[in-house]
Amino acid sequence: MTDVVDVILRDGSTLRLRPPGKGDAEAMLGFFADLSQQSLYLRFHGFPRLGPDLVEQMIEPDWRERGALVGSLVDDGAERVVALASYGRLRDPTSAEAAFAVADAYQQRGIGTRLVEQLAERASRHGIDRFVAEVIADNRKMLGVFEALGFELTRELAGGEVEVTFPIVRTEHFEERVSERDHVAVTASLEPFFEPTSVAVVGASRRRGTIGGELFRNIVEADFVGAAYPVNRDGVPVAGVRGYRSIEEIPEPVDLAVLCVPASGVIEVAEEALRAGVRALVVVSAGFAETGSEGAERQERLLALVRAHGARLIGPNCLGIAVPGRGLDATFASRSSAPGSIGFSSQSGALGLALLEAAVTRGLGLSAFVSIGNKADVSTNDLLEWWEDDEATEAILLYVESFGNPRKFARIARRVARSKPILALKSGTSASGQRAASSHTAALAGSEAAVDALFEQAGVIRAASLEELIDAAVLLSGPARLESRGVAILTNAGGLGILCADACDAAGLELPALGDDTVAALHASLPAEATLRNPVDMLGSATAESYEHALPLLLADPHVSAVVVLFVPAVSATANEVALAVAETARRVDSTKPVLAVVMSSDGIPPVLRGSSHVSAFAYPESAARALGRVADRAEWLRRPQGAVPPLDGIDHSSAAAVVESSLQRSEDAWLEPAAVRELLSAYGVPLVPERLAASPEEAVAAARELGFPAVVKTAVPGAHKTETGGVALDLASDDAVAAAAARIGPPVIVQPMLSGGPITGGAELLAGIVQDPVFGPLVAFGPGGVFAELIGEAAFRIAPLTDVDAEELVTRGKAGRLVAGFRGAAPADRGALVDLVHRLARLGEDFPAVAELDLNPVLALPDRCIAVDARVRVRAPGAVARAKSW
C-alpha cells in the first residue's frame, strides 16, 4: 500500500493523507495550537502541554505498534495541517486505541470519517482487528463519526466517558456505507465540470489551427450558457471575446479551467488557477505519464498540487469535455455533438473523435462527452457516479484501455446498470496475459477472462468493435425494452431474411412460430406466394403499404418481443418510401417492443431513420442482430436476482495467516509443502481427501493399510504437475503395488485412498481454483477437471467477492454445469457443496492476496458432497499498491 492516500470529502473537495515525518513536527504542534479550546479539550479530555512530546510518538509510525495519518491543504497561500489521526496497539495485540482531530474551520466535511476509514485499513493490514476509543460523553461529533463509519459499535459509559469499541473488518455493510459516502462526494466534486457557469481556456490563441484557440472557439460557437474567458500570454481577445493574461486577472469566479499550454508550463498555470479558487481543471496538454518517467513525475507533481488545493482534474493528455445540453464544447473536435441522452467516456482522444463522428452520422445525441486521457484523477468510476443521478443521461458508453480500480468499477457499475445500460469497448491486454502459467488455473486464466468476468458480473454490455458499440447504443438509447429473446423478421427478400435469421441465432436470439391470429391476418393482406412463417417474406413486390400493414401485426404477436425489418430496393418501392412507412408505422403503433430497420440504400441509412425515437436503423442484418443480442443479454441480467455475499462459518483466519506468513518468511515465491497446503485449505473449510505423508516405501505401505485399499501414491514435491511428470500411481490394490509405486516415484510421497473405483464410485471430475490477477485481484475458476482440464478448457471465471448468484452461475453454467447436473445418466452432483466450495475459495483469495495460484484438480463432485483429491498452492509476496486514490 502506498504511503500516500487521497480521500474525497462530503462537499466534493479532496484531501491527501500521509504518515507524518520529522519535518512535520512543527506543523503538527501548530495544528494543535490552532484548535479551539473546546476541540482541544474534547480531543485530549483536558488541556495538554503543547510541546514536542505531544507529537513525537506520532511521527514516522511503524504501523505495527503505532500508526498516524496527517492531512494538509493550502490555506491563504501556505500549506497547513488540517487533520490528524493516530492509533496505538494495546496490551491485547489485536486491539488499538484510536483518536483523531480536525481543524475547527474544516469540520462537518467528513474528514474525520475518512481519517478513521484509512487508519483502520492500515491497522488491519498489521494484525489489528478492532479499535477502541475513549470519548467524552458530550463529544457528539466524534461519536457521530464512529457511528457513521458502518462498523458495528459497542459502548460502555463510565465516569463521564464513553468507551467505543468496534471491529475494523470491512463487512458488506461497511462497504455499502463507504459507497454511499463516495457517491455523494464524487457527484459534488464533478458538478463544476458538468454544470459550470464560467469557463476559462488557458492557452487560447487568436491564431486559427491552435488547440487552445480552436477549443475556445468551439465553446463560443456552441453557445455556452455561461461566461467564457480566453487566457493567453498577451491577454489579447479571441473570437471577439476580451482576453486576460492570467486567470487571476478575471474579475469573476471561474468554475472550470481548461489548460492548453505546453507540458512544461502546466504546473505554473495550474497553480495560478487553483490559487484563484478554481476547483475543476481539464488539462488537454500532452507530455505527461504517456511519455515516460519524466512525464510521469510531472503528472504526479500536478496531481499533488491539485490535491493540495482540494480540487479535481480531468486528464492530462485528453481531448476535453463537452456537455451539449449546456452549450459547452470544451474540446478541439471538428464537429459538435447534438444534445441527447448518452454519456460517453473515452480513454483515447483519437477514438473519442471517431465515435463523435459516428454518433453524428447515426443521429445519436450525447448528454456529455468526457475524454479522460491519462486519468490521473477523474476516472471512469467517477463518471459513472455522476451519470447515475444525471437526469439527462439514459445510457452510458465507455471506451476503456485500462482499469485503475476494477473492483470499485464492479461495485459501481453493478449498481448503475440496474437503472441505465452501460456499454463498453475494452482494448489492450494487461500484464496478467503474459504471466508464467504454472498451474491449470493460471493457464486457463488471462486478462480477457478477467475483463469478461468483470463485465458479466457488473451487467456491462461488452462490444467487440467500435461498430458494435455504436450499434448497441443506437438500440439502447431508445425507450423500447426487450421482454424475451423472441424476434420476428419482416423482409422483402428471402435470402436477406435467412442471413438475418442465422445472425439472430448466433446472437442467442430465437425466431418463435407466429400465433395463428397473426398468420391469418398476414395471409389476408399479403400475396398468396408470401412466406408467412418467421421470417416473413413479403416478396420483392412488397410496397411501403405492405410494411405498414404487416409491421403492426408482428408487434401485436405475444410470442414476439422485437421486430427486425429488412428491405432491399426493388421496382415496387424506394428505400426512402419504405423507411418513411416503417418510421411512421412504428410511431403510430408506439409499441414498447424494439423495431430495428435495415433499409439497404446506396446512400446509406435513410435520413428519416437517423435519430428516430421509435426505430433503430442499421446498415446490415448482422449488425442489427448483434445489437439486439446485446440488449437481450442485458434484459436477462436485469431479471437476474442481485444476490449477496453470504457469510461463511468454520473459517480459521489466524491459522491460515500463520501458514502464509511462515512460507513467505522462507521465500517470497514458492509452492507450499503438502502439509502446509492441507493446513491452509482446512482452515477455510475446503473438503480434502484423507492422506498421509510417507518418507519411504515401508511408510507408504503402512499408510495405505491405515487408509484402506485401493490406494493412490503421489509425489510430495511442492507444486509438481503429478500426471505430466509420472508422479502419481492410481488404484493400487496391494502392499507390493504401493511399495513399488513409492520406490519408483521417490520419497517423500503422499498416500491417499482411491475414491473412484473403490467403495465410493462415480462422480464428475472438476477443477476449482484461484489466481491473483495483478489488476483485478482474485479470480475464481471453475470448470471440467482431471488430466484434460486445459485441453477441454471451458473454465469459467468470476472476480471475488462472489455473491450467491455469482457462485450459482459459476457452478451451473457451461460444460462444468452439464457435469454437475448429471451427464449421460450420471447422478447429479451436490450443487450446494460445490457452491460452498467456490465461496470459500473466493474468500481465501480475498483474505490473502499472497495466495497467487491455487489448484484443486480434480474435485470429485459426488451426489452427496464434493471433495478435493489433489491440491497445489503457490504463495508470492504481493506487489505494492501504487494507487493513492481511495475512491
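Once you list every other residue whose beta carbon is under 13 Å from the beta carbon of Ala703, what net charge do they have if Lys and Arg are +1 and Asp and Glu are -1? Before the final figure, lay out the partial values.
Values: positive: Arg692, Arg705, Lys714; negative: Glu691, Glu698, Glu699, Glu706, Asp735.
That sum, taken over residues with Cβ under 13 Å, equals -2.
Could you give the dipole magnitude of the chain about its Cα centre, charging the beta-carbon of Lys and Arg +1 and that of Asp and Glu -1, in debye to the nearest 20? Walk me through the numbers on the way to the answer.
Values: 82 positive and 115 negative charges, 139 e Å.
So the magnitude is around 660 debye.
Applying 1/(1 + (r/R0)^6) with R0 = 56 Å to the Cβ-Cβ distance of Arg242 and Ser525, what FRET efficiency is obtained, to the nearest 0.05? Walk me through the numbers on the way to the answer.
On the way: r = 67 Å, r/R0 = 1.20.
Once rounded, the FRET efficiency stands at 0.25.
What FRET efficiency comes out for the pair Asp652/Glu79, r = Cβ-Cβ distance, R0 = 51 Å, nearest 0.05? Mind dumping the intermediate values first?
Values: r = 47 Å, r/R0 = 0.92.
Between Asp652 and Glu79 the formula returns 0.60.
Using 12 Å as the cut-off for backbone N distance, which residues of the range 764-785 belong to the label zone defined by a point 7 Å from the Cα of Ala826 along Cα→Cβ?
Only 764-767, 784-785 pass the distance filter.
Label the range 142-257 by shape, choosing from rounded, prolate and oblate, from the square roots a ≥ b ≥ c of the eigenvalues of the Cα gyration tensor; if a/c is under 1.5 it is rounded, and otherwise prolate applies when a/b is larger than b/c, oblate when it is not. Don't skip to the end; give the middle numbers.
Working: a/c = 4.84, a/b = 3.32, b/c = 1.46.
Note, shape of the range 142-257 comes out prolate.
Which order do the peptides 500-512, 341-353, 72-84 take when ranked by the mean count of other beta-carbon atoms within 10 Å per residue, highest first? Mind showing how you got there, number by number?
Details: 500-512: 18.7, 341-353: 21.9, 72-84: 16.5.
Ranking the peptides 500-512, 341-353, 72-84 by packing returns 341-353, 500-512, 72-84.
Of Leu628, Phe782, Ser95, which is farthest on the positive side of the dipole of the chain, counting Cα position, with +1 on Lys and Arg Cβ, -1 on Asp and Glu Cβ, and the Cα centre as origin?
After comparing all options, I get Leu628.
Decide, for the chain, between rounded, prolate and oblate: order the square roots of the alpha carbon gyration tensor eigenvalues as a ≥ b ≥ c, take rounded if a/c falls under 1.5, and otherwise choose prolate if a/b is larger than b/c, else oblate.
Working: a/c = 2.21, a/b = 1.05, b/c = 2.11.
Because a/c hits 1.5 or more and a/b fails to exceed b/c, the chain counts as oblate.
Could you give the accessible area per residue of the chain, probe 1.4 Å, as a whole number in Å²?
On the way: 36060 Å² over 887 residues.
Normalised by residue count, the accessible surface of the chain is 41 Å².
For the chain, what does -39500 (n - 2.57) per DSSP helix run (n ≥ 4), summed and divided by total residues, give at 222 nm, in deg cm²/dmol to the nearest 500? Walk me through the intermediate numbers first.
On the way: 28 runs with 328 residues, N = 887.
The helix contribution divided over the chain gives -11500 deg cm²/dmol.
Residue farthest toward the positive end of the dipole of the chain, with Cβ of Lys/Arg at +1 and Asp/Glu at -1: which of Asn232, Asn381, Ala27?
Most positive-ward Cα: Asn232.
Relative contact order for the range 504-603 using alpha-carbon pairs under 8 Å, separation at least 6, rounded to a whole percent?
Values: 120 pairs, mean separation 26.7, N = 100.
27 percent.
How many Lys pairs in the chain lie less than 27 angstrom apart by Cα atoms, where the lysines are 8 or more positions apart or on different chains?
Count of close lysine pairs: 15.
For a test of the definition: using alpha carbon positions, the gyration tensor, and the 1.5 limit on a/c, classify the range 125-197 as rounded, prolate or oblate. Before the final figure, lay out the partial values.
Details: a/c = 3.56, a/b = 1.83, b/c = 1.95.
Oblate, because a/c is 1.5 or more while a/b does not exceed b/c.
With just the Cα atoms defining each centre, how far is the range 1-36 from the range 851-887? Give it in Å.
38
So how do 460-470, 650-660, 315-325 stack up, highest first, on mean other-Cβ count within 10 Å? All intermediate terms of the calculation are to be shown ahead of the outcome.
Details: 460-470: 19.5, 650-660: 15.8, 315-325: 25.5.
Most protected by this proxy first, the peptides run 315-325, 460-470, 650-660.
Whose amide H sits under 5 Å from the amide H of Ala137, counting only residues 5 or more places off or on another chain, with H placed in the peptide plane?
HN-HN under 5 Å from Ala137: Glu161, Val162.
Summing +1 for each Lys or Arg and -1 for each Asp or Glu, what net charge is found among the other residues whose Cβ lies under 12 Å from the Cβ of Val519? Write down the numbers at each step before the final one.
Details: positive: Arg533; negative: Asp516, Asp517, Asp557.
Local net charge: -2.
Determine the dipole magnitude for the range 594-706: charges of +1 sit on the beta-carbon of Lys and Arg, -1 on that of Asp and Glu, nothing else is charged, the reference point is the Cα centre, and the result goes in debye to the nearest 20.
Values: 10 positive and 15 negative charges, 196 e Å.
So the dipole magnitude of the range 594-706 works out to roughly 940 debye.
Quick check for me: using +1 on Lys/Arg Cβ and -1 on Asp/Glu Cβ, what's the dipole size of the range 207-278 about its Cα centre, in debye to the nearest 20? Working shown, then result.
Numbers: 7 positive and 11 negative charges, 60 e Å.
The calculated dipole for the range 207-278 is roughly 280 debye.
Please name whichever of Thr361, Ala464, Val132 sits farthest to the positive end of the charge dipole of the chain, dipole taken about the Cα centre and charges placed at Cβ: Lys and Arg +1, Asp and Glu -1.
Going by the charge dipole, the pick is Thr361.
So what is the relative contact order for the range 267-387, in percent, with contacts set as C-alpha pairs under 8 Å and at least six apart?
Values: 219 pairs, mean separation 32.0, N = 121.
Averaging sequence separation for qualifying contacts and normalising by length gives 26 percent for the range 267-387.
The values are calculated or read from the model by the stated rules, or taken from the named source; none is laboratory data. Keep in mind that what you see is a predicted model, and the values were worked out from it rather than measured. Note: ideal-geometry Cβ built from the backbone for every residue, glycine included; neighbour counts use all protein chains shown. Calculation scope for accessible area: heavy atoms of the full protein, side chains included, ligands and nucleic acids excluded. Shrake-Rupley method; radii C 1.70, N 1.55, O 1.52, S 1.80 Å.
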